[in-house]
Ligand SMILES: [Zn+2]
């Protein structure tokens, strides 16, 4: 999870970004344009969505154990 420098825009909707995650991670939950390389910037809304989706994933993993 990286800090976002000022002026970065969400890679998904173009709004101001608050977080960046790896493109590989992002591509699990979102359609990432330009392939899963480098970093993806997320705005507040998309980051919230990402957290929700990734949490669900972790819960499933926990059930497996
Ligand atoms: Zn966004």
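Values in this text are rule-based calculations from the coordinates and carry no lab data. All of these numbers come straight from a predicted model, not from anything done at the bench.
Quick notes
- In percent, rounded to a whole number, the relative contact order of the range 17-64 is 40, using alpha-carbon pairs under 8 Å and six or more apart.
- Over all distinct Cα-Cα pairs of the chain, the Kirkwood formula returns a hydrodynamic radius of 12.1 Å.
- Over the residues of the chain, the helix contribution to mean residue ellipticity at 222 nm works out to -14000 deg cm²/dmol, using -39500 (n - 2.57) for each DSSP H run of at least 4.
- The chain: angle of helix 44-64 to the longest principal axis, Cα-based, in degrees nearest 10: 20
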